[in-house]
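Colleague: What follows is a single structure, and I will ask about it in a moment.
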Amino acid sequence: HVKPWEVLDRARSLTPRALFRGFVAEGVRPDGTLDFTQPGTRLRYSFQSLPGQGPQPPREGGTLPERTYCGQQSVRVAKDGIFAEHDKTELPCPSKDPKALAVPEKCSIEDVWELAREKKLSESAATHIEYFESKRGAAYRFMQGGRERFVVQAKNCSKELRGKERRGAVP
């Protein structure tokens, strides 16, 4: 049983990318854990670099890059362990420089599940939780049955995001 926040430092150590950009977790249980013995359980962390930092795509010596690259590397956790995927050096930077996301101090995955209980969502349904940069800052997206059920600001779990505020994704 793995709690996503407890594995973050190990995931970070497997990539040269400095900015933690979020995670996608499939099969999250109400106690905030993932049981990798269960089918469909997955965890992916995403990391990027600031413009021009971190690994860059290969180019001919003495030439300048054609554009600014931020790259992206995923680190996955599976029943066989934790591993870094191929680094995507050729990924250009988004229109706004990427920011590192911090671990929320007052809004845990268990707190997100508490909101789901208040909304009468099933504790036995396959649950997908994302931690990402929304238009309003760090947020959790809670999904069941392939449908988004709610997005909540990760600052303190008290503000549910609506409309354009909830936009964003894990790179």
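The values are calculated or read from the model by the stated rules, or taken from the named source; none is laboratory data. Note that the structure is predicted; figures quoted are calculated from it, not measured. Cβ placement follows ideal geometry from the backbone for every residue including glycine, while neighbour counts extend to all protein chains displayed. Remember, those area values only see protein heavy atoms, side chains included, never the ligands or the DNA or RNA. Shrake-Rupley method; radii C 1.70, N 1.55, O 1.52, S 1.80 Å.
Colleague: Applying the selection to the range 28-55, what residues are within 17 Å of the chain's Cα centre (by Cα), over 17 Å from Glu133 (Cα atoms), without any contact (Cβ under 8 Å) to a residue 60 or more places away in the chain and not in a strand (DSSP E or B)?
Modeller: Thr33, Thr41
Colleague: Please determine whether any residue of the range 101-110 is open to solvent by 40 Å² or more (accessible area, probe 1.4 Å), of a type in the set (Val, Ile, Thr) and within 27 Å of Ser158 (Cβ to Cβ).
Modeller: The answer is yes; a qualifying residue exists.
Colleague: Quick check on the range 118-140: of everything there that is among the basic types (Lys, Arg) and touching a residue at least 12 places away in the same chain (Cβ under 8 Å), which residue is least open to solvent (accessible area, probe 1.4 Å)?
Modeller: Taking the range 118-140 and keeping what is among the basic types (Lys, Arg), we get 119-120, 135-136.
Subset that is touching a residue at least 12 places away in the same chain (Cβ under 8 Å): 119, 135-136.
On the way: Lys119: 85, Lys135: 141, Arg136: 120 Å².
Top of the filtered list is Lys119.
Colleague: Next question. Take the range 1-50 and flag every residue that is open to solvent by 10 Å² or more (accessible area, probe 1.4 Å), touching a helix residue (DSSP H, G or I) at 6+ places or on another chain (Cβ under 7 Å) and among the aromatic types (Phe, Trp, Tyr).
Modeller: Selection gives nothing.
Colleague: Cβ contacts < 6 Å: first residue farther than 10 Å from Leu50 by Cα, restricted to the range 88-99; second residue basic (Lys, Arg) and loosely packed, with under 12 Cβ neighbours inside 10 Å, any location; separation 6+ or different chain. Result?
Modeller: That search, which allows pairs on different chains as well, returns Pro92/Arg67.
Colleague: Taking the condition of being loosely packed, with under 14 Cβ neighbours inside 10 Å and within 18 Å of Pro16 (Cα to Cα), how many residues in the range 61-84 meet it?
Modeller: Residues flagged as loosely packed, with under 14 Cβ neighbours inside 10 Å and within 18 Å of Pro16 (Cα to Cα) within the range 61-84 amount to 2.
Colleague: What number of residues in the range 85-100 are within 27 Å of Pro4 (Cα to Cα) and surrounded by fewer than 18 Cβ atoms within 10 Å (Cβ to Cβ)?
Modeller: Count: 11.
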